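Below is one structure, written out as structure tokens, with a few remarks after it.
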Amino acid sequence: MKKTLKKNLLSIFCITLAIFFMSAAYLVHGFARDPLPCMLKIYVNQQGQVLVVPREGYPARNIRVANISIKNPGCYIACHSTNPDKAVYAISPKIFVIGLIRIQGQYEGQFCRPKDYEKAEIRDEVIFKEICSKTFQCIGNSCWAGGDTGKLFGVR
């Protein structure tokens with residue numbers, strides 16, 4: 001009886017572990033193909049390093065994800081703000097990430113290159129400022145987009 005219980009507990013543990021690693025692999029490899037959930041759990045340390053899998057010293061936080069486009073290929077832009085009240089995490093003392101938006105485009109290295117804006121510096125493009133402002137209710141020009149999101153998902 002004890003051996004059976006021990007074997008069953010070990011099986012449950014192995015299945016749970018397999019599901020966890022399959023989920024992490026999906027986030028790392030399937031994110032550009034399939035939209036992420038509208039709330040993504042991320043893990044951020046005190047230096048602002050962000051992971052999508054748990055690690056000691058990286059408290060969990062939720063980041064809002066807006067899947068504006070579900071067409072493939074897709075990639076994610078990060079919406080930044082100078083307003084710390086909207087922040088999920090800081091990338092500098094005065095710049096904060098407030099959410100992610102999936103758009104049509106693809107990764108070039110770790111950078112999201114939106115369709116029709118592949119060579120543009122998206123933080124300077126009005127259309128992406130407007131998308132971030134509308135999606136995350138920013139006031140004035142306090143929001144803008146950045147495409148350096150691939151490293152969040154393990155893209156180099």
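What follows is calculated from the coordinates using simple rules that are stated; it is not laboratory data. Remember, it's a predicted structure, so these values are computed and weren't measured experimentally. In this analysis, Cβ positions are derived from the backbone assuming ideal geometry, glycine residues included, and neighbour counts consider all displayed protein chains.
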Under the 7 Å Cα-to-Cβ spin-label approximation, ARG123 and LYS71 lie apart by a distance in nanometres of 2.7 nm
Could you run the Karplus curve 6.51 cos²θ - 1.76 cosθ + 1.60 with θ = phi - 60° over the range 112-125 and give me ³J(HN,Hα) per residue in whole Hz, x for Gly and Pro?
6, 10, x, 4, 6, 10, 4, 9, 7, 8, 5, 5, 8, 7
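List the GluC sites (Glu not before Pro) within the range 82-128 that fall in a DSSP loop (any state other than H, G, I, E or B) and whose Cβ has at most 14 other Cβ atoms within 10 Å. Please report the intermediate quantities before stating the final value.
Details: sites: GLU108, GLU118, GLU121, GLU125; in loops: GLU118, GLU121, GLU125.
Of the GluC sites (Glu not before Pro), the ones in loops of the range 82-128 whose Cβ has at most 14 other Cβ atoms within 10 Å are GLU118, GLU121.
If you take every DSSP beta bridge fully contained in the range 31-153, what fraction is antiparallel? Give it as a percent rounded to 5. Each step should come with its number before you reach the end.
Details: 28 of 31 bridges.
Restricted to the range 31-153, the bridges split so that about 90 percent are antiparallel.
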Cα-based convex hull, the range 31-153, per residue volume (Å³, whole number)
98 Å³
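Taking 0.36 nm per residue of sequence separation and subtracting the Cα-Cα distance, how much length would be gained by fully extending the chain between ALA60 and TYR89, in nm to one decimal? It would help to have the intermediate numbers written out before the result.
Details: separation 29, 0.36 × 29 = 10.44 nm, distance 1.09 nm.
Answer, rounded to one decimal: 9.4 nm.
Against the empirical 2.2 N^0.38 Å scaling, what ratio does the C-alpha Rg of the range 61-104 come to?
On the way: Rg = 11.6 Å, N = 44, 2.2 N^0.38 = 9.3 Å.
Expressed relative to 2.2 N^0.38 Å, the Cα Rg reads 1.25.
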